[in-house]
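Structure record follows, encoded as structure tokens.
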Amino acid sequence: MRLEWLEDLIAVAETGSFSEAAERRSLTQSAFSRRIRQIEDYVGVELFDRSRKPVQLQRTTETQRDRILQIIRTLRQLVADLRSGSQMAENHVVLASQHALTTSRTPRLLQGVLAHHDSISIRLRSANFDDCYGQLLARKADIALVYRIEGIAPEVEADYLETVEVGQDRLIPVHAAARRADHLRDRAMGLLPIVSYPDAVFLGQVMNLLILPNLPQPLQAVQRVETALTLAAQEMAQVGIGTAWIPHSLARDRIAEGSLIDLSDELPSCELVITAMRLAGAKRRSEDAVWTELLGEAGA
């Protein structure tokens, strides 16, 4: 039984006239009459008492009137929900963001996107570099936002990927301002207590390849704590556990307020390129809209 058939039955019941019901249903009277016959043929009984004016439902049909109305309401709501769900899926974009970016630059980038596209819904997934890349390749994320440094694996240039630079940052050494004397004392002994990153994560590779080998001699790094989270590394630097290398965008406010000090003038640092990535090919309008906003950030 079709929704339109049920609506036809109620139109006749409410108007008492096939011609008025046809007009309400935006059909010619002949087309509407054929459809009523089709409904009755499908059910196998006459649904209307045509001998009476106005036309009335047969008694057996009339007893089911409230049920028919309830089914109509249920089916209409189902259609509305299905359409709404389809629209939500169309406007839904999954963004995988590297942990260090999630707590620093990503919120500002998303603010720009949502300011111009309030119908778009974004699901943000924070992960390390490899997981962001993996989610993209597995189509569990539409766009990945990561830090990159030329020459640091994994390389992501490929025919099946689109990449765009959307900003710059810098990995800088920071230390608790209140523990500056401890830092100077340790340096005088040739020691540098540090908060490090695991070798397997992106910033761990950066530390091993570009930071630690370039420490001024005879300074020796001493690992105090290891963490994969830049936000945790910053907190540990804040309480004086050791020097931590943090993206400048994350540490900027605490440096400005004086609780952290930037040691870039005496310890190595390196540039970070903020890169957006997505798989090549046809895209939904919502994903293209987000990507276009990120391209705008690149040109800003």
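Set against the 2.2 N^0.38 Å expectation for a compact globular protein, the range 146-212 has a Cα radius of gyration ratio of 1.52. Identify the residues of the range 275-289 with backbone N under 19 Å of a label point that sits 7 angstrom from the Cα of residue 130 along the Cα-to-Cβ direction, or state none. Taking a point 7 Å out along Cα→Cβ of residue 130, no residue of the range 275-289 has its backbone N under 19 Å. For the chain, DSSP calls about 55 percent of its internal beta bridges antiparallel. A simple rule links phi to the HN-Hα coupling: the Karplus curve 6.51 cos²θ - 1.76 cosθ + 1.60 with θ = phi - 60°, which for the range 228-242 gives 8, 9, 5, 5, 5, 4, 5, 5, 5, 5, 4, 8, x, 5, x Hz, with x for Gly and Pro.
Summarising the label geometry, the points placed 7 Å from Cα in the beta-carbon direction at residue 228 and residue 40 lie 7.1 nm from one another.
When shorter helices are ignored and each DSSP H run of at least 4 residues is given -39500 (n - 2.57), the per-residue value for the chain at 222 nm works out to -13500 deg cm²/dmol. Taken one residue at a time, the phi angles of the range 245-259 give Karplus couplings (6.51, -1.76, 1.60, θ = phi - 60°) of 9, 10, x, 4, 4, 7, 8, 3, 5, 6, 5, 5, 7, x, 7 Hz. Gly and Pro are set to x. Using 0.36 nm per residue and subtracting the Cα-Cα separation, the extra length available between residue 187 and residue 53 on full extension is 37.9 nm. Selection among 22, 79, 68 by position relative to the dipole of the range 1-112 gives 79 as farthest towards the positive end (Cβ unit charges, Cα centre).
Between the amide H of residue 97 and those of 125, 126, 127, 145, distances stay under 5 Å, these residues lying 5 or more places away or on another chain, with hydrogens modeled in the peptide plane.
Note on the chain: the C-alpha convex hull projects to 23.9 nm² when averaged across all orientations. Summarising the amide proton neighbourhood of residue 56: residues at separation of 5 or more, or on other chains, whose placed amide H is nearer than 5 Å comprise 49. Per residue, the accessible area of the chain comes to 53 Å², computed with a 1.4 Å probe over protein heavy atoms only. Across the accessible surface of the range 1-145, with the other protein chains kept in place and a 1.4 Å probe, carbon and sulfur atoms take up 48 percent. About its Cα centre, the dipole of the chain is roughly 1220 debye, where the only charges are +1 on Lys and Arg Cβ and -1 on Asp and Glu Cβ. Once the Cα atoms of helix 106-116 and of the chain are each reduced to a long axis, what angle between those two axes, in degrees from 0 to 90 to the nearest 10, is obtained? Computed tilt is about 40 degrees.
Relative to the longest principal axis of the Cα atoms of the chain, helix 3-15 runs at roughly 50 degrees.
How far is helix 29-43 tilted, in degrees, relative to the longest principal axis of the Cα atoms in the chain, given as a value from 0 to 90 rounded to the nearest 10? Approximately 80 degrees, to the nearest 10.
Taking θ as phi - 60° and the Karplus parameters 6.51, -1.76 and 1.60, the scalar couplings of the range 49-55 work out to 8, 7, 7, 10, 10, x, 4 Hz in sequence order, x denoting glycine and proline.
If R0 is 41 Å, the Cβ-Cβ spacing of residue 200 and residue 2 corresponds to a FRET efficiency of close to 0.10. At an R0 of 45 angstrom, the distance between the Cβ atoms of residue 217 and residue 77 translates into a FRET efficiency of 0.05. Full extension of the chain between residue 265 and residue 31 yields a length gain of 75.7 nm, computed as 0.36 nm times the residue separation minus the alpha carbon distance. Taking amide H positions as modeled 1.01 Å from N, with prolines and chain starts lacking one, the residues under 5 Å from residue 170 and 5 or more places away or on another chain are 248, 249, 272.
Between exposed GluC sites (Glu not before Pro) in the chain, where DSSP calls loop and at most 15 other Cβ atoms lie within 10 Å, what's the longest gap? Longest run free of exposed loop sites: 158-265.
Summary value for the chain: 22 percent relative contact order, contacts being C-alpha pairs under 8 angstrom separated by 6+ residues. Using 7 Å Cα-to-Cβ label points, what is the residue 177/residue 19 separation (nm, one decimal)? Going from the residue 177 label point to the residue 19 one covers 8.9 nm. Considering only the Cα atoms of the range 1-124, their convex hull presents on average a projected area of 11.5 nm².
Surface composition of the range 180-272: carbon and sulfur atoms hold 54% of the protein heavy-atom accessible area at a 1.4 Å probe.
The values are calculated or read from the model by the stated rules, or taken from the named source; none is laboratory data. From a predicted model like this one, the values you see are computed outputs, not experimental measurements. Quick reminder, even Gly has a Cβ in these numbers, built from the backbone with ideal geometry, and neighbours come from all protein chains shown. Heads up: the accessible areas ignore ligands, DNA and RNA and are worked out on the full protein's heavy atoms, side chains in. Shrake-Rupley method; radii C 1.70, N 1.55, O 1.52, S 1.80 Å.
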